[in-house]
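In what follows, a single structure is set out as structure tokens and then discussed.
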Amino acid sequence: MRIMAIDYGDARTGVAISDPTGLLAGYTTVIQSRKEGVVAEELARLAKEHSVDELVMGFPRNMDGTEGPRAELYRAFAARLEEVCGLKPVLWDERRTTVEAHGILHASGKRMKQHKETVDAVAAALILEGYLTRKKEETT
């Protein structure tokens, strides 16, 4: 079962796709677009191309667990994505994923100016990793 994680953003959307077993994060990319329709269509293309069975999308929450101010925007995008892909995205708490992604890139020696090129893909991989871990725990 292949799972695609999405770190949806205003200017860039990070994508991470698991291996065919659904155990490890594999392919990552960043969609460079501010247009919701373009992003949804590209995600649908990637889902089809990689034979994705399940979608998980980062969902903004405040540090206290309440929904963030952008929650409705993300719900609307998830609904559009379901229409385009035919798969209903699981909304996954994305608190601190971007902060962690910056930390990972910094630790790997990337300068801050280089982060914006890949930080969204790393954040998507962290969302995917968290989701895969939860699924694994639920089956054991």
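Inside region 55-94, can you point out the residues that are touching a residue at least 12 places away in the same chain (Cβ under 8 Å), charged (D, E, K, R) and touching a Phe, Trp or Tyr at 6+ places or on another chain (Cβ under 9 Å)?
Selection gives ARG75, ASP93, GLU94.
Go through region 72-96 and give me each residue that's among the aromatic types (Phe, Trp, Tyr) and farther than 18 Å from LEU128 by Cα.
Of everything in region 72-96, just one residue is among the aromatic types (Phe, Trp, Tyr) and farther than 18 Å from LEU128 by Cα, namely PHE77.
Quick check on this structure: which one of VAL56, VAL38, VAL30, VAL52 is of a type in the set (A, V, I, L, M) and more than 15 Å from the chain's Cα centre (by Cα)?
When all the criteria are applied, what remains is VAL38.
Filtering region 31-44 down to residues that are in contact with a strand residue (DSSP E or B) (Cβ under 8 Å, 6 or more places away or on another chain) and buried (at least 20 other Cβ atoms within 10 Å of the Cβ), which residue is nearest to VAL122 (Cα to Cα)?
Across region 31-44, the extreme among qualifying residues is ILE31.
Out of all the residues in region 27-44, is one or more under 21 Å from THR133 (Cα atoms) and either in contact with a Pro (Cβ under 8 Å, 6 or more places away or on another chain) or of a type outside the set (S, T, N, Q) (or both)?
So far as region 27-44 goes, yes, one or more of its residues are under 21 Å from THR133 (Cα atoms) and either in contact with a Pro (Cβ under 8 Å, 6 or more places away or on another chain) or of a type outside the set (S, T, N, Q) (or both).
When region 68-80 is examined, which residues are found to be out of contact with any helix residue (DSSP H, G or I) (no Cβ under 9 Å at 6 or more places or on another chain), surrounded by 13 or more Cβ atoms within 10 Å (Cβ to Cβ) and outside any helix (DSSP H, G or I)?
ARG70
When you go through ALA25, ALA47, ALA11 one by one, which is the residue that is open to solvent by less than 30 Å² (accessible area, probe 1.4 Å), touching a helix residue (DSSP H, G or I) at 6+ places or on another chain (Cβ under 7 Å) and among the small types (Gly, Ala, Ser)?
Testing whether each residue is open to solvent by less than 30 Å² (accessible area, probe 1.4 Å), touching a helix residue (DSSP H, G or I) at 6+ places or on another chain (Cβ under 7 Å) and among the small types (Gly, Ala, Ser) leaves just ALA47.
Per-residue answers, yes or no, for (1) at pLDDT below 75; (2) among the charged types (D, E, K, R); (3) within 18 Å of GLU42 (Cα to Cα):
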| site | (1), (2), (3) |
| --- | --- |
| LEU73 | no, no, no |
| ALA76 | no, no, yes |
| LEU87 | no, no, yes |
| HIS102 | yes, no, no |
| GLY109 | yes, no, no |
| VAL122 | no, no, no |
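Scanning region 18-58 for residues that are polar (S, T, N, Q) and assigned to a loop (DSSP other than H, G, I, E, B), which turns out nearest to ALA78 (Cα to Cα)?
Filtering region 18-58 for residues that are polar (S, T, N, Q) and assigned to a loop (DSSP other than H, G, I, E, B), the one nearest to ALA78 (Cα to Cα) comes out as SER33.
Of (1) among the β-branched types (Val, Ile, Thr); (2) out of contact with any Phe, Trp or Tyr (no Cβ under 6 Å at 6 or more places or on another chain); (3) open to solvent by less than 40 Å² (accessible area, probe 1.4 Å), ILE17 satisfies all except one. Which?
Checking ILE17 against (1) among the β-branched types (Val, Ile, Thr); (2) out of contact with any Phe, Trp or Tyr (no Cβ under 6 Å at 6 or more places or on another chain); (3) open to solvent by less than 40 Å² (accessible area, probe 1.4 Å), the one that fails is (2).
The values are calculated or read from the model by the stated rules, or taken from the named source; none is laboratory data. Worth saying up front: this structure is predicted, and the values here are computed from it rather than measured. Here Cβ is always computed from backbone atoms with ideal geometry, including for glycine, and neighbour counts include all displayed protein chains. These accessible areas exclude ligands, DNA and RNA; they are computed on the full protein's heavy atoms, side chains included. Shrake-Rupley method; radii C 1.70, N 1.55, O 1.52, S 1.80 Å.
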